[in-house]
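The structure appears right after this line, and notes come after that.
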Amino acid sequence: MARRLARSHCAFLATFLMTALGPAASAQHAHHGDDGDDGGHGHAMHANQYMNQRSFEELAARFESAERDAWQHPDAVMARLGDVAGKRVMDIGSGTGYFSFRLAAAGARVICGDVDERFLDYIRERRAREGIAPERMELRHLAMDSPGLAAGEVDLVLLVDTYHHIEDREAYFAAVRAGLAPGGRLVVIDFFKRDDPQGPPVRMKVAEDQVVAELARAGFSRFTIERGLLPYQYLVEAWP
């Protein structure tokens, strides 16, 4: 476990960076091999190497940029999530809180989960500026190999641009499944496995059919796949 944690330090942070950098990141990593998937192992290390070339301030600015709004279509995503008022939502890989703050504004009680304490500090400061009560937006520092959820704790788990950086996904999402309350669901938004202007190199992407197969092995039994909502990303919904 220690080796796995060291190899994937700050992987959720790297996910957002690779999202923001798009083609530049693809060029940086073109020498690392073919487009095959390795089952979730090794990808985070390459992303982290690239991520460490950028300051935290630059990362945060990219994550909250108008350029990201243009392709992430946050309003369309929120509409697709439906009515979250009064629901308990875990945002895994929350980063700057790009979706966490939108979820809170829609009436959800949000857990912002990230492996990088700097992002949690960023959310904490913005939360204070906006007068959002801590009980409406809880901050949770996650281990790399665990979603940090108690049994039946939340109604919705959201991962945006994060799935492809999680290792040992079957075990990880079995723990996510256990953290869902009855009737709860998991929503995964990640990049089409193709060469697009946004997202990590193709070899680091995970196709939506593979996501479904992996989640099925983790104990999820019902799925929907939305391929037309976003220009560069699919959305997978999963229920136990």
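With a point put 7 Å past each Cα toward its Cβ, work out how far ASP75 is from PHE56 in nm, to one decimal. About 3.3 nm, to one decimal. What separates the Cα centres of the stretch 109-153 and the stretch 201-233 is a distance of 25 Å. Note on SER65 and ALA106: their simple-model spin labels are 2.5 nm apart, each label 7 Å out from Cα toward Cβ.
Only the coordinates and a few stated rules stand behind these numbers; no lab work does. Owing to the predicted nature of the structure, the values given are computational and were not obtained by experimental measurement. Note that we place each Cβ from the backbone using ideal geometry, even for glycine, and neighbour counts take in every protein chain shown.
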